[in-house]
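To start, the structure itself, in structure tokens.
The values are calculated or read from the model by the stated rules, or taken from the named source; none is laboratory data. None of these values were measured; they are calculated from a predicted model. Backbone-built Cβ (ideal geometry, glycine too); neighbour counts: all protein chains shown. All accessible areas refer to the heavy atoms of the entire protein, side chains included, with ligands and DNA or RNA removed. Shrake-Rupley method; radii C 1.70, N 1.55, O 1.52, S 1.80 Å.
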Amino acid sequence: MAFKGLSRRQFAGLTGRSIPGISALSAGSSQPEDSVPKRGTSSGFPNGFLWGTATSSYQIEGAVNEDGRGPSIWDRFAHTRGTISDHSNADTATDHYHLYKQDVQLMKALGAKAYRFSIAWPRVFPEGAGTPNPKGLDFYNRLLDELSANGIEPFATLYHWDLPQALQDRFGGWTSRDASKAFADYAAYVAKHLSDRVKHFFTINECSRLVHLGHGIGADAPGLKLSPSGQNQVRHNVALGHGLAVQAVRAHGRAGTRVGPAENAVSCIPAIETPANIRAAEIATRELNAGYLTVMLEGKYTDAYLAQAGKDAPKYTAEDLSVISSPIDFVGLNVYMPDHYVIAADNERGFTLAPFPASFPHMKAAWLRPGPETMYWVPRHVAKLWNVKSIYITENGTSGTDQPAPDGTIYDLDRIMYLRNYLTQLQRATSEGVPVIGYFLWGLMDNFEWSDGYEQRFGLYHVDFHTRRRTPKLSASFYRETIARNAVA
Ligand code: PNW
């Protein structure tokens, strides 16, 4: 593919036509970038702020039977009748495994300097543990070399839900702490072999979703509906896996390798920004994330969490808690929407959660309620509650209908509206000193959206799932302009 070194005009021309809003701007390097006013929603981010995009292995790679990859729980799940709304699977997905060079050019065309991707555990250890598969790791070697050649810094997630099926079969996956230990061994191996080029690792993507959807309501792989005590134990095992992986990366990565979680914290927003509601939202943040960020950052479960769990509380040792709270270098936060609007209350908890009115808007995905202020409050709460010094926004974005207009362009104005408002709130946070140092937009391109199959598109690039052709949406132009404007700020 001839995607190398695209000028803005060529970038617009990827669709075979010019994209309004891009064609009107300076078209080549002869026109000074600083003719673009340094103002607007996205100006004024701190120097060195990192702009990137994000993906995950199972959602984009395809090539599920290639080069010795073993099956993952998502292969099994997606091939089980009735699990995926459009009856699809990710056997081919976007075919990134073969098209990764083209995809690195898509990132480069945005001007993005960072890329968050995940490593497929079953490519590296087809049986989950034991003998590694060098051909599987080689794919990531090729990807890393391509990123490096194009000046894009890699941020690798170690686990984005594609557990080797062999571990599910052998000991019940995350229901057993054997999974936490196997995860640490895999993390050690990856850190040892890739930390010459990967300086930043995320441990587990969204512990909360993998526990709740995978083991609570059964909507995600492995499709379990466990009892409360079973779910609490999975939650503990997953947190333990995070902590053991932190230690493994430290022990086996090169000096200076940095590591942290990538969590979608339960977001608690003051319904009205009064000091009392803000304090209540902080208390709620700590309690409603008790099994995740709170235990990772405090090394204990809150009294309220244990009291509520009662006889269903997880089984653990004091040693587990110190492993789970192993020091991390940063917190990654996936920020999509407000989970709760909080009001201060004179009750035992100190807060109430306001019910959402039926008329509250949502994006194309019914679950995705836009609340741009979430992007301000979540990192602010995390920094304040736990004195966190470095935060990455590891995901933020929205799905849309993304239908081409008669002129062929995808005018995804809803996505641009969403991003513009969230980035305004992110800028509010950084301007007040909330230590967010980078932002990864989800996603680089449309992909396999878990149980929604290909029905929810989150990409800046549209993917035709028949031809695998990538086409920039108007939001790709928006993001490119955002990055360019901040590079000169
Ligand atoms: C994240 N919610 O999932 C995942 O990390 C991605 O793999 C996924 O593609 C992306 O967001 C878009 O869905 C989430 O209900 C799914 O709040 C649902 C929620 C949050 C995150």
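Some values worked out for this structure:
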item: Those helices (runs of 4 or more DSSP H) lying entirely in the stretch 48-162 with at least 2 residues open to solvent by 50 Å² or more (accessible area, probe 1.4 Å) and not acidic (Asp, Glu); result: 96-110, 134-149
item: Residue identified as modelled with pLDDT of 95 or more, of a type in the set (A, V, I, L, M, F, W, C) and within 16 Å of the ligand (Cβ to nearest atom) among Leu167, Leu158, Leu147, Leu143; result: Leu158
item: Cβ-Cβ under 7 Å pairs, at least 6 apart or on other chains, the stretch 94-109 side more than 14 Å from Tyr140 (Cβ to Cβ), far side of a type in the set (S, T, N, Q) and modelled with pLDDT of 95 or more; result: Thr94/Asn447; Met107/Thr53; Lys108/Asn150
item: Ile204 out of contact with any strand residue (DSSP E or B) (no Cβ under 9 Å at 6 or more places or on another chain), at pLDDT 95 or above, within 16 Å of the ligand (Cβ to nearest atom) and among the β-branched types (Val, Ile, Thr); result: no
item: Pair list, Cβ < 9 Å and 6+ apart or interchain, from the stretch 239-257 residues that are farther than 21 Å from Leu210 by Cα to residues that are in a helix (DSSP H, G or I) and acidic (Asp, Glu); result: Ala248/Asp185
item: Tyr439 being among the hydroxyl-bearing types (Ser, Thr, Tyr), open to solvent by less than 50 Å² (accessible area, probe 1.4 Å), within 16 Å of the ligand (Cβ to nearest atom) and not in a helix (DSSP H, G or I); result: yes
item: Counted residues, the stretch 227-282 - those being assigned to a helix (DSSP H, G or I) and either among the small types (Gly, Ala, Ser) or in contact with a helix residue (DSSP H, G or I) (Cβ under 9 Å, 6 or more places away or on another chain) (or both); result: 30
item: The listed residue being away from the ligand (no atom under 16 Å from the Cβ) and either at pLDDT 95 or above or of a type in the set (D, E, K, R) (or both), out of Arg485, Arg415; result: Arg485
item: Some residue of the stretch 389-408 being at pLDDT 95 or above, assigned to a helix (DSSP H, G or I), more than 16 Å from the ligand (Cβ to nearest atom) and open to solvent by less than 70 Å² (accessible area, probe 1.4 Å); result: no
item: Pair list, Cβ < 6 Å and 6+ apart or interchain, from the stretch 326-345 residues that are more than 16 Å from the ligand (Cβ to nearest atom) to residues that are in a loop (DSSP other than H, G, I, E, B); result: Phe330/Ser390; Ile343/Ala271
item: Some residue of the stretch 347-365 being among the charged types (D, E, K, R), open to solvent by 20 Å² or more (accessible area, probe 1.4 Å), away from the ligand (no atom under 14 Å from the Cβ) and in a helix (DSSP H, G or I); result: no
item: Matching residues, the stretch 273-291, being within 25 Å of the chain's Cα centre (by Cα), of a type outside the set (Asp, Glu) and either open to solvent by less than 20 Å² (accessible area, probe 1.4 Å) or over 16 Å from Asp303 (Cα atoms) (or both); result: Ala281, Ala284, Thr285, Asn289, Ala290, Gly291
item: Breaking point among (1) under 30 Å from Thr175 (Cα atoms); (2) surrounded by 18 or more Cβ atoms within 10 Å (Cβ to Cβ), for Ala307; result: (2)
